[in-house]
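J.: Handing you a structure now.
The values are calculated or read from the model by the stated rules, or taken from the named source; none is laboratory data. Keep in mind it's a predicted model, so treat the numbers as computed, not measured. Glycine gets a Cβ as well: all are built from the backbone with ideal geometry, and neighbour counts include every protein chain shown.
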Amino acid sequence: MAAFGRLAGVVALTALAAGCGIRTTSVPVDAGPAPSRKPCEISGKDVITQARPGLPVRIYLACSSGLASVERAARIQQGKGSDDRVRIAQGLLDELQAQLSADEREAGFSTAVRGPLVISSSRADDPAGTLRLSHQPEDLPATALSQIVCTFAESEATNGRVVLGGPGDYPPRAYICTGATKTEPDMPAPTVGPVPTTSVSPSGR
């Protein structure tokens, strides 16, 4: 009788569930892992030192199909008579090529800038403020060039307009960092047209 009572109870519960519109099943349902948040922010950290001292700088990394800024401590080379713009630009470029920290990777950041990339100063017939890359800028991945342009544009290496050349004889081009550059970095970085060629001083200013 006890067994019959338990069986009757199971039947009653099944009927009640069906009456409430709940479909019963004996197959386990796998809803998948809980969604992982990638906020593109490093909470609680103003400067990522990369385990070394340096000057606070801001660089742009790829995150969530766009670009987002992170704070770093960059090692800027010191030297008498050297071009300040080149030293600053090289320090920023080194950070763009550096391995990401665990916090940055956890937040969803990545970088498309691959080394080795080296900056050299402008040539005698270059437009004022030109920075020469060891690779032709147009040959870099679009996201990598967008990262470089936006990082340089908001630094002391430029006046907001980023004039880049390569190792060859192609004329330098001026790039700007816009809102579209940050939201669609895989599109070609916008330019401001031809740059007048002028002689520049050793400081590049």
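J.: If A74 meets every condition in (1) without any contact (Cβ under 8 Å) to a residue 24 or more places away in the chain; (2) over 12 Å from the mean Cα position of the chain (by Cα); (3) surrounded by fewer than 22 Cβ atoms within 10 Å (Cβ to Cβ) apart from one, which number is that one?
T.: Exception for A74: condition (3).
J.: Just to be sure I understand, how many residues within the stretch 133-163 are of a type in the set (A, V, I, L, M, F, W, C) and touching a Gly at 6+ places or on another chain (Cβ under 6 Å)? Break it down stepwise before answering.
T.: Pass one, the stretch 133-163, residues of a type in the set (A, V, I, L, M, F, W, C): 133, 140, 142, 144-145, 148-150, 152-153, 157, 162-163.
In the following step, the residues that additionally are touching a Gly at 6+ places or on another chain (Cβ under 6 Å) were identified as 133, 153, 163.
Residues in the stretch 133-163 being of a type in the set (A, V, I, L, M, F, W, C) and touching a Gly at 6+ places or on another chain (Cβ under 6 Å): 3 in total.
J.: Somewhere in the stretch 34-53, is a residue at pLDDT 80 or above, among the aliphatic types (A, V, I, L, M), closer than 28 Å to P188 by Cα and outside any loop (DSSP other than H, G, I, E, B)?
T.: no
J.: Among the listed residues D169, D103, D126, which satisfies the condition of being assigned to a helix (DSSP H, G or I) and of a type in the set (D, E)?
T.: Numbers: D169 fails: assigned to a helix (DSSP H, G or I); D126 fails: assigned to a helix (DSSP H, G or I).
When all the criteria are applied, what remains is D103.
J.: Being touching a Gly at 6+ places or on another chain (Cβ under 7 Å) and at pLDDT below 90 is the requirement here; does T183 meet it?
T.: no
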